[in-house]
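The values are calculated or read from the model by the stated rules, or taken from the named source; none is laboratory data. Note that the structure is predicted; figures quoted are calculated from it, not measured. Methodologically, a virtual Cβ is constructed for each residue, glycine included, from the backbone with ideal geometry; neighbour enumeration extends over all protein chains shown.
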Amino acid sequence: MPKIDKQIIDKILEAAKIEEVIQECLGSYGPNNRAGLKKTGIRYKALCPFHDDKSMGSFIVYPKGNCYKCFSCGAKGGVVEFLMEHEKLSYPDAIRWLGKKYNIDVDNVDVDWTYTPKPAPPPMPTLELPMPMVKRTQADLSTDNLVTWIRKGIHWDYVQRARVEQMLTDYHVGHGKNGHTIFWQIDESGKVRTGKMMKYRADGHRDKQASWSFDFIHSVLSKHWDAERHEWTDEPPYPYPDIYNPDKEEPHITFFGMHLLNKYRHATIKLVESEKTALLMAIAYGNHDQQLWMACGGLEMITRDRLKPLIDQGRQIILYPDRDGIDKWKIKAEQMHYDRLSIDTTPVTDWWSEEDGDKADIADVVIRMLNNSKPLTSIADVKVAIPQAAPLIDKLNLQIEK
Ligand SMILES: [Zn+2]
């Protein structure tokens, strides 16, 4: 087969517009197509088709750079990469697909494989939110469902209980006026990047039935409530242009707990999926000097880029997958090519019991063990639980206060 003339490929790539290609694959955004492409200012966005995306704001399409980028999972590229990744086409077939769409004849011609990708998205400053905004949400947690459950719904032991308030403060857990628990994301240099907003029920589980149960702070800051159409819109002018203008700043998603990195310089990083788990494990085990719990927010959020601050410091990293994600996390761990990164499934395999269920994460298992543990009711119990204290108990003839 004759090789297709490079000039024809160039002509096709010249004609192809990223927003038109993606629109053809995803459709346009509308009431019946929440996953479609939507114009916002000078750019477009959509729910990311490359990860399990729950709210718009991460996947951005740049007509100017003729490329796309997802700020959550890291997917990026130009028209050809999109077709290869999304439509699962080979490079020659992607060229043919484009030839057809733009009426440039490439039928029955072999396509040369050499291809230089389009340039990366134009760099924009990274969004940084003001710290007072974080502090305001931390001021009163008394009506927060998750916080109330953590304070009152778990049988913490004496030492753990004393750590509850400290950890809520250390991790900057906040409460939003619409009932969301806010997990602020502050990066390794102390800059507030965004916050994850989630609604919880009084029993400490996610309230996925609630309206508007999940969002990101940066996404909310660019949206208006359109009372007439009864939906969120995100066209300019943006409601808080002095805080966030999506046409001028790029969001950045980091790990929950990343800001603690430089304060605890020798700690092993223990990485879990959910923010709630990281927080509960920090309360249960404490000691940031040795072990620092962080949450990635989902497997697709673990990227080499996002691990960079940890890798640069040569940190030991241990991943703790949920019980139903062990195999996928093992694959991911290998893909990271970092020899100080390992995976520990002990809590969800060895400590696991039927009642934890197949979706159990490490926190579920630990909380179940805490809640099932019997209180120490006799001096004999105490001596077994804390053998180092036994001689002192005998010497002082201590009794349990009834
Ligand atoms: Zn994505």
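If you check W232, W212 for being on the phi > 0 side of the Ramachandran plot and at pLDDT below 95, only one passes: W212. When H51 is tested against (1) within 13 Å of the ligand (Cβ to nearest atom); (2) closer than 25 Å to L221 by Cα; (3) in a helix (DSSP H, G or I); (4) not β-branched (V, I, T), just one condition goes unmet, and that condition is (3).
For R229, which of the numbered conditions (1) touching a residue at least 24 places away in the same chain (Cβ under 8 Å); (2) surrounded by fewer than 14 Cβ atoms within 10 Å (Cβ to Cβ) fails to hold? Failed condition: (1). Taking the numbered list (1) touching a helix residue (DSSP H, G or I) at 6+ places or on another chain (Cβ under 7 Å); (2) closer than 30 Å to K308 by Cα; (3) modelled with pLDDT under 95 in turn, K118 passes all entries but (1). Considering region 63-96, and only residues there that are among the hydrophobic types (A, V, I, L, M, F, W, C) and within 16 Å of the ligand (Cβ to nearest atom), the residue that is surrounded by the fewest Cβ atoms within 10 Å (Cβ to Cβ) turns out to be M84. The residues in region 14-35 that are in contact with a helix residue (DSSP H, G or I) (Cβ under 9 Å, 6 or more places away or on another chain) and more than 16 Å from the ligand (Cβ to nearest atom) can be counted, and the count is 7. For residues that are touching a Pro at 6+ places or on another chain (Cβ under 7 Å) and farther than 14 Å from N66 by Cα, scanning just region 1-49, find the one that is modelled with the highest pLDDT. Filtering region 1-49 for residues that are touching a Pro at 6+ places or on another chain (Cβ under 7 Å) and farther than 14 Å from N66 by Cα, the one modelled with the highest pLDDT comes out as L26. Each residue in region 221-234 was checked for being assigned to a loop (DSSP other than H, G, I, E, B) and touching a strand residue (DSSP E or B) at 6+ places or on another chain (Cβ under 6 Å), and 2 of them qualify. Of the residues making up region 289-315, those that are farther than 26 Å from R206 by Cβ and part of a loop (DSSP other than H, G, I, E, B) are D289, Q290, Q313, G314, R315.
Among the residues of region 283-299, are any within 16 Å of the ligand (Cβ to nearest atom) and without any contact (Cβ under 8 Å) to a residue 40 or more places away in the chain? The answer is yes; a qualifying residue exists. Just checking, does region 308-319 include any residue being buried (at least 17 other Cβ atoms within 10 Å of the Cβ), basic (K, R), out of contact with any strand residue (DSSP E or B) (no Cβ under 7 Å at 6 or more places or on another chain) and modelled with pLDDT of 95 or more? No, region 308-319 contains no residue that is buried (at least 17 other Cβ atoms within 10 Å of the Cβ), basic (K, R), out of contact with any strand residue (DSSP E or B) (no Cβ under 7 Å at 6 or more places or on another chain) and modelled with pLDDT of 95 or more.
Of all residues in region 71-92, those that are charged (D, E, K, R) have Cβ atoms under 9 Å from Cβ atoms of residues that are in a loop (DSSP other than H, G, I, E, B) and within 13 Å of the ligand (Cβ to nearest atom), 6 or more apart or on another chain, in E81/A75; E85/P49; E85/F50; E85/A75.
The lone criterion from (1) under 22 Å from the mean Cα position of the chain (by Cα); (2) within 28 Å of G190 (Cα to Cα); (3) surrounded by fewer than 18 Cβ atoms within 10 Å (Cβ to Cβ) left unmet by Q335 is number (2). Residue count for region 354-379 satisfying the condition of being surrounded by 11 or more Cβ atoms within 10 Å (Cβ to Cβ), out of contact with any His (no Cβ under 6 Å at 6 or more places or on another chain) and either modelled with pLDDT of 85 or more or more than 30 Å from R206 (Cα to Cα) (or both): 15. Taken together, L279, L271, L299, L292 contain a single residue that is surrounded by fewer than 23 Cβ atoms within 10 Å (Cβ to Cβ) and under 27 Å from I150 (Cα atoms), which is L299. Taken over region 65-92, the residue count meeting the criterion of being assigned to a loop (DSSP other than H, G, I, E, B) and farther than 19 Å from L127 by Cβ is 7. Specify the residue that is farthest from the ligand (Cβ to nearest atom); the eligible residues are those in region 36-48 that are surrounded by fewer than 20 Cβ atoms within 10 Å (Cβ to Cβ) and in a strand (DSSP E or B). Among those that are surrounded by fewer than 20 Cβ atoms within 10 Å (Cβ to Cβ) and in a strand (DSSP E or B), it is K39. Restricting region 197-220 to residues that are within 20 Å of the chain's Cα centre (by Cα), assigned to a loop (DSSP other than H, G, I, E, B) and touching a residue at least 40 places away in the same chain (Cβ under 8 Å), the residue that is surrounded by the most Cβ atoms within 10 Å (Cβ to Cβ) is K199. Among the candidates T148, T194, the residue that is at pLDDT 95 or above and in a helix (DSSP H, G or I) is uniquely T148.
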